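The values are calculated or read from the model by the stated rules, or taken from the named source; none is laboratory data. Just so we're clear, the structure is a prediction, and the values are computed from it rather than from any experiment. We place every Cβ from the backbone using ideal geometry, glycine too, and count neighbours over all the protein chains shown.
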Number of protein chains: 2
Amino acid sequence: MSGARIPPSGAVNEQRLWQRHADMAKLGGTPKGGVNRQALSPEDAAARNQLAAWAKARGFATFTDPIGNLFVRRDGIDADANPVMSGSHMDSQPTGGRFDGMYGVLAAFEALEALEDAGIRTRRPVMAVAWTNEEGSRFQPGAMGSAVFAGHYRLDEMLAQKDWKGVLLEDALAETLKAAPTPLRAGPPGFPVDSYVEAHIEQGPRLENENKTIGVVTAIQGSRRYIVTVEGEEAHAGTTPRAARKDAYAAATRIAAAMYAATTDAEDTLRFTIGRVEVAPGSPNTVPGKVTFTIDMRHPQDAVLETHERTLKAIVAAKAAPCPAALERVTNVAPTDFDPKVIGLVREKAQALGLSNMDMPSGAGHDAMHIARLCPAGMIFVPCERGISHNESENATPQDLAAGTRVLVEVLEALANR
Amino acid sequence: MSGARIPPSGAVNEQRLWQRHADMAKLGGTPKGGVNRQALSPEDAAARNQLAAWAKARGFATFTDPIGNLFVRRDGIDADANPVMSGSHMDSQPTGGRFDGMYGVLAAFEALEALEDAGIRTRRPVMAVAWTNEEGSRFQPGAMGSAVFAGHYRLDEMLAQKDWKGVLLEDALAETLKAAPTPLRAGPPGFPVDSYVEAHIEQGPRLENENKTIGVVTAIQGSRRYIVTVEGEEAHAGTTPRAARKDAYAAATRIAAAMYAATTDAEDTLRFTIGRVEVAPGSPNTVPGKVTFTIDMRHPQDAVLETHERTLKAIVAAKAAPCPAALERVTNVAPTDFDPKVIGLVREKAQALGLSNMDMPSGAGHDAMHIARLCPAGMIFVPCERGISHNESENATPQDLAAGTRVLVEVLEALANR
């Protein structure tokens, strides 16, 4: 034995990591190659059992908390040190893919195994976590497990949520933990965490388009939702002159056209989407009497969102006449800025491994946004094919998944030995 | 008795005409003051019986044809002369008004009564007619009775139509004629007509806005319907940069905005309406993958419609990128130009009676468009409150209804004595 240190990234096993994805994809697998593994379903329980079995085989301890978050622990040298944590979620959309969430859990678990395989002891414990119900497709709201852990949502209120069939979350959780038994950590949810790093597929096309392997995630962009309502007057399409019309759709078109123009930023960072449009009464030969449409607007900087919100309001005021119109804000989620030290570590480790990389904000929300309120946090993105996610055809390469995990384990080791 | 000729318009009885509207409004009357008297319903049969009873009281003959059109005949001096005809329809929309159609039937009947009361004998017979199923809300298509009479639709095909409950039109017609028995004219539908004049509420706001009593209807504008389809690609609203999007609604907005601008004619004659818009999948945080919308475009001149159709096509081709898009024409109803002699007579008689008037095309379709293919034809419009029609709140004044009838009877007498 030479004294030469083996870097933990050298012990990341691409084949093993890929096989674990394939094994997990069988649990809730769909004919089209995706997964339907909604939160607290039998498929979710099966995934929990699978992860716990792999942990047991490696001698890692597992436990859950009262909202069902599942933790895998590899001990550190200092028994009193707070853990460094990594993970994501194992639940999926009803027609979801094999990588959204699951990659972050399996990358964290692979990091634990790589540390083990490389014979590296860390000062702090390193933990993998599978947060409960990130997708929020069966039980609302999403990112529930991490939010309860971070104290952002109340446990009792979440346990009282019902799915669309009327099933109580508390009952579905009890059923799941009965089918996938793991020791329950006593006391309320949440415990001190030293730092947190989450790996995830990008769910967008930027890495692929720019031919980069690693996304150094600097922030989760803020998002605001609005509803625009335009009131017109129903009238006969054949007999009513233009001058006598209050055409709600003509007004809505003027508003939307001006909004698209006003949100066309040169750097293409602002995300502006009109996703839902209702035109009433919806008869081909009747002038529309009412239009409502939704706006989803996102940007990493809250000040930019604030400025554009004022612009959108001004457009509604300027373009709606002769129709009364209003813009109402329905949600406002502030941006999450990740910790500069963690961001720097991700960038540094990617570069040291010779992996092409770029800084980028996350367009979607993730569990990391809640944990970032507790401790220094960051994220690592890897490319997914054509940016497609929340879709059974979601895809990623074994090489990219392994590359992200190599960065992850180097970052975790550095954090755990600070 | 002096030899002074009494003009038939002097015998028009405003009070009697208004009372007949009130009596008819009870048949299918709704709590909101409108009527629900759909074609070949028991309410339709009741209206037929009412009209026939009034006719009998005045000694006018009544008969029906095989599609159920109901005719009232006042004989002329020349037994062989073709009749001058006037009328409209007695069926209504499910939530219709008291004047749409019914006014034209009652004005024609009042004209017969006025001729009778004034003791005027005409050379040609003068007939009032109530055409079957103009609205087309229960049985499709509308303007059915006049179209069958004019040979534009086939009788056997119309008898085979079914309503949404599966009732055969042939059975509903038999039921109606059993409940409202009238002598059936032998042979196929249709017979020679000398000329035709239809009175109707405007169903638009122009007369009211311009403070005119009589609309001299020069034409029924042509109408064309289109469906525009824009194909995009569903994508995550948070993660997908604008440059990577194929946003079907952004493209549809560019198309619609350009179309509204291109159809803004200075004279405000072109009617352009986007009435139905479907945006899929309709999720606030998903970039729309598909948009379809309808266009209803009308103008009195076919050449103008043709030119604008080319413009609309060019806009779709120019503005849709990067989304494939197409404009499909689904209907094309050519304009109806009314007879210059009849138009001239309507204008002349309105002026002679000192009634303010204006030339105008009809924005909506009417039975007159089919009869105009058989013989010289025209129409007379009177104002309706705020242009509202196909609505239980449809309204008109007794004075305007009588004024239109005075013009009508003068025109009919002139035509009948040519």
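For residue B:20, are the conditions met, namely being among the charged types (D, E, K, R), closer than 19 Å to residue B:405 by Cβ and touching a Phe, Trp or Tyr at 6+ places or on another chain (Cβ under 8 Å)?
In short, yes.
In the range A:158-207, what count of residues is obtained for those that are more than 14 Å from chain B (Cβ to nearest Cβ) and part of a helix (DSSP H, G or I)?
Number of matching residues: 13.
Answer with yes or no whether residue B:283 is within 12 Å of chain A (Cβ to nearest Cβ), more than 21 Å from residue B:227 (Cβ to Cβ) and in contact with a Phe, Trp or Tyr (Cβ under 8 Å, 6 or more places away or on another chain).
no
Given the criteria closer than 27 Å to residue A:277 by Cα and not hydrophobic (A, V, I, L, M, F, W, C), does residue B:296 qualify?
yes
Scan the range A:267-301 for residues that are closer than 18 Å to residue B:286 by Cβ and among the hydrophobic types (A, V, I, L, M, F, W, C) and jot them down.
A:270, A:272, A:274, A:277, A:293, A:295, A:297
Checking the structure you have, find out if any residue of the range B:235-244 is more than 7 Å from every other protein chain (Cβ to nearest Cβ) and surrounded by fewer than 24 Cβ atoms within 10 Å (Cβ to Cβ).
No, every residue in the range B:235-244 fails to be more than 7 Å from every other protein chain (Cβ to nearest Cβ) and surrounded by fewer than 24 Cβ atoms within 10 Å (Cβ to Cβ).
Right, residue A:91: free of Cβ contacts under 8 Å to residues at least 12 places away in the same chain and within 23 Å of residue A:374 (Cβ to Cβ) or not?
Considered against the rule, which asks whether it is free of Cβ contacts under 8 Å to residues at least 12 places away in the same chain and within 23 Å of residue A:374 (Cβ to Cβ), residue A:91 comes out as no.
Quick grid of which residues meet (1) modelled with pLDDT of 95 or more; (2) under 25 Å from residue A:206 (Cα atoms); (3) assigned by TED's automatic domain parsing to the domain that holds residue A:411:
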position	(1), (2), (3)
A:260	yes, yes, no
A:272	yes, yes, no
A:277	yes, no, no
A:285	no, no, no
A:310	yes, no, no
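State whether one or more residues within the range A:263-275 are more than 8 Å from every other protein chain (Cβ to nearest Cβ), buried (at least 23 other Cβ atoms within 10 Å of the Cβ), within 27 Å of the chain's Cα centre (by Cα) and not aliphatic (A, V, I, L, M).
no
Show me the strands (runs of 3 or more DSSP E) entirely contained within the range A:37-156 in which 1 or more residues are more than 28 Å from residue A:202 (Cβ to Cβ) and of a type outside the set (A, V, I, L, M, F, W, C).
Filter on the range A:37-156 gives A:61-64, A:70-74.
Name the residues in the range B:180-194 that are aliphatic (A, V, I, L, M) and surrounded by 14 or more Cβ atoms within 10 Å (Cβ to Cβ), would you?
Listed by number, the residues that qualify are B:180, B:193.
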